[in-house]
Amino acid sequence: METRKSTSRQFRLSAALGAALTAFLAFAPGAFAADGIGLYGPANDKVIVYFSFGVMIIVAAFVIGASLIQMRLDKRKEQRKEALERLESDKT
């Protein structure tokens, strides 16, 4: 019964922290903006375009990196399977 209380307490704590974080992130932009000028400065077309290009490059680099990591892990998995199959066939 103690684990059920602990799990419930952890769930409530994580839900409260999640709600607090969401509220903080929702109201944070307004805290730093005055008259349309944020921390970086006025948001004109050039700033928005360069920021968007930066986001696209970062997302593309992440996708490529994650794909390369997954390819390596799949290759290791297949090598491990083949080694186990060889060991099982040698036993019999």
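The numbers here are math on the coordinates, done by the rules we state, and not lab data. Quantities reported herein were computed from a predicted structural model and do not represent experimental measurements. When we count neighbours, we look across all protein chains shown, and the Cβ atoms used for this are built from the backbone with ideal geometry, even at glycine.
Here are several values of mean projected area of the Cα convex hull in nm²: (i) 8.3; (ii) 12.5; (iii) 7.0. Which one was derived from the coordinates shown?
Computed from these coordinates, mean projected area of the Cα convex hull in nm² corresponds to label (ii).
Hey, what angle do you get for helix 2-32 against the long axis of the chain, alpha-carbon based, 0 to 90 degrees rounded to 10?
With rounding to tens, the tilt is 40 degrees.
Using label points projected 7 Å from each Cα along Cα→Cβ, tell me how many nm separate residue 80 and residue 62, to one decimal.
Label at residue 80, label at residue 62, 2.6 nm between them.
With only Lys, Arg, Asp and Glu charged, each at its Cβ (+1 for the first two, -1 for the last two), find how big the charge dipole of the chain is about the Cα centre; round to the nearest 20 debye. Walk me through the numbers on the way to the answer.
Working: 13 positive and 9 negative charges, 92 e Å.
Dipole about the Cα centre, nearest 20: 440 debye.
Taking H placed 1.01 Å from N in the peptide plane, check which residues at least 5 places from residue 43 or on another chain put their amide H under 5 Å from its amide H.
The answer is 38.
Run the quick spin-label model on residue 87 and residue 48: label points 7 Å from Cα toward the beta carbon, then report their separation in nm to one decimal.
Those two pseudo-labels are separated by 5.9 nm.
Against the longest alpha carbon principal axis of the chain, how many degrees, from 0 to 90 and to the nearest 10, is the axis of helix 45-91 turned?
10 degrees
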